[in-house]
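**Q** This is the structure, below, for whatever I ask next.
The values are calculated or read from the model by the stated rules, or taken from the named source; none is laboratory data. What you see is a predicted model; the values in this text were computed from it and never measured. All Cβ positions, glycine included, derive from the backbone under ideal geometry; neighbour counts span all protein chains shown.
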Amino acid sequence: MEGFLLIDKPVWVSSHRVTHTIRKLTGIQRVGHAGTLDPFATGLLIVGIGRSATKHLSAFLQFPKTYEVTFVLGATTPTDDSTKEPILCPPPSPLMQNDVEAALKKFEGTIEQVPPQYSAVKFEGQTMYKAALKGKGLVVKPRSVTIHSIIQTSPLTQADNGTSLISLSIHCSSGTYIRAIARDLGQTLGTGGYVQTLRRTTIGPFGASNATLFENITLEDINVHLIPIDKMLKEIQEKSES
């Protein structure tokens, strides 16, 4: 058994748990994925099963990705997401729709982005999140990423605690940190920001709408939905040439 699976990962399940479960069901040790999703995030995970499939996983890293997200504005967290308790930091004046729209325009195109402190980026032999857990924040250089589009999908709403919520669809290059966009958007508006919910809906030409739900996945599910290596590689080549 060799090939690829499009998995729809549920919330609070790690990417590692997905590959571990598939490894256990199939009895195949060479199982990997193309691009980690944080446990609090949901959505598309591309899994390779077998040696011939896993050696091609890096080919998926070139593709842009699309995320459906909700940001909280007016508060921060140490992780820039909802896994830690928020600290309120009200803006100097109530946020208005036109202020947010103007701020969002600054994130379109190629931008410089500093990875979140709680990330797997390594700097001078240290992993950022491990250093952050020890209370030693690392100062790293910004990285260039490209935001192809950032579209507001719901009106700005006010929460009871004085924060504001905004939902967005973000189409971006590989290597983009959505948590950093939330953090930096808050700073641009004179306040804080973090990611409340995050769902990855596409990786290049592959979509979560065609993915297999991970909950209660069985060996039969894997057999039915396994995509042959040649078919996936053909789609990768066609997308790269278009």
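**Q** Which numbered condition in (1) in contact (Cβ under 8 Å) with a residue 24 or more places away in the chain; (2) within 30 Å of Thr26 (Cα to Cα) is the only one that Ala182 fails?
**A** Of (1) in contact (Cβ under 8 Å) with a residue 24 or more places away in the chain; (2) within 30 Å of Thr26 (Cα to Cα), only one is false for Ala182: (2).
**Q** Also, I was wondering about something else. Please go through (1) out of contact with any helix residue (DSSP H, G or I) (no Cβ under 8 Å at 6 or more places or on another chain); (2) more than 28 Å from Phe71 (Cα to Cα) for Pro10 and return the number of the only condition it doesn't satisfy.
**A** Result: Pro10 fails condition (2) only.
**Q** Give segment 1-52 a look and list any residue that's part of a helix (DSSP H, G or I) and in contact (Cβ under 8 Å) with a residue 24 or more places away in the chain, or say none.
**A** Restricting attention to segment 1-52, the residues satisfying the condition of being part of a helix (DSSP H, G or I) are 15-26, 51-52.
If the condition is that a residue be part of a helix (DSSP H, G or I) and in contact (Cβ under 8 Å) with a residue 24 or more places away in the chain, then Ser15, Val18, Thr19, Thr21, Ile22, Leu25, Thr26, Arg51, Ser52 are the ones that fit.
**Q** In addition: Show the residue pairs that are 6+ apart or on different chains and have beta-carbon atoms under 6 Å apart, the first residue being within segment 82-103 and without any contact (Cβ under 8 Å) to a residue 24 or more places away in the chain, the second being assigned to a loop (DSSP other than H, G, I, E, B).
**A** Lys84/Thr77; Lys84/Pro78
Condition check ((1) assigned by TED's automatic domain parsing to the domain that holds Gly162; (2) in contact with a Lys or Arg (Cβ under 9 Å, 6 or more places away or on another chain)) across all residues:
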residue: Thr19; (1), (2): no, no
residue: Arg23; (1), (2): no, yes
residue: Gly27; (1), (2): no, no
residue: Leu73; (1), (2): yes, no
residue: Thr77; (1), (2): yes, yes
residue: Leu88; (1), (2): yes, no
residue: Ala102; (1), (2): yes, no
residue: Ser119; (1), (2): yes, yes
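Yes/no per residue for (1) out of contact with any strand residue (DSSP E or B) (no Cβ under 7 Å at 6 or more places or on another chain); (2) assigned by TED's automatic domain parsing to the domain that holds Pro115:
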residue	(1), (2)
Ala180	no, yes
Leu185	no, yes
Leu189	no, yes
Gly192	no, yes
Val195	no, yes
Ala211	no, no
Ile217	yes, no
Ile222	no, no
Pro228	no, no
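**Q** Go through Thr176, Thr163, Thr153, Thr188 for me and flag whichever is within 16 Å of the chain's Cα centre (by Cα), on the phi < 0 side of the Ramachandran plot and at pLDDT 90 or above. Write out each step before concluding.
**A** Values: Thr163 fails: within 16 Å of the chain's Cα centre (by Cα); Thr153 fails: within 16 Å of the chain's Cα centre (by Cα); Thr188 fails: within 16 Å of the chain's Cα centre (by Cα).
Matching residue, one of Thr176, Thr163, Thr153, Thr188: Thr176.
**Q** Assuming Gly204 fulfils every condition listed in (1) under 19 Å from the mean Cα position of the chain (by Cα); (2) surrounded by 13 or more Cβ atoms within 10 Å (Cβ to Cβ); (3) at negative phi apart from one, which condition is it?
**A** Single failed check for Gly204: (3).
**Q** For segment 142-182, which positions are surrounded by 15 or more Cβ atoms within 10 Å (Cβ to Cβ) and charged (D, E, K, R)?
**A** Correct list: Arg143, Arg179.
**Q** Could you please tell me which pairs satisfy a Cβ distance under 9 Å, a separation of 6+ or placement on different chains, a first residue in segment 223-239 that is surrounded by 16 or more Cβ atoms within 10 Å (Cβ to Cβ), and a second residue that is outside any loop (DSSP other than H, G, I, E, B) and of a type in the set (Phe, Trp, Tyr)?
**A** Sorted first by the residue in segment 223-239, then by its partner, the pairs are Leu226/Phe4; Ile227/Phe4; Ile229/Phe4; Met232/Phe4; Met232/Phe60; Met232/Phe206; Ile236/Phe60.
**Q** Go through Ala102, Ala120 for me and flag whichever is part of a helix (DSSP H, G or I) and not basic (Lys, Arg).
**A** Exactly one of Ala102, Ala120 is part of a helix (DSSP H, G or I) and not basic (Lys, Arg), namely Ala102.
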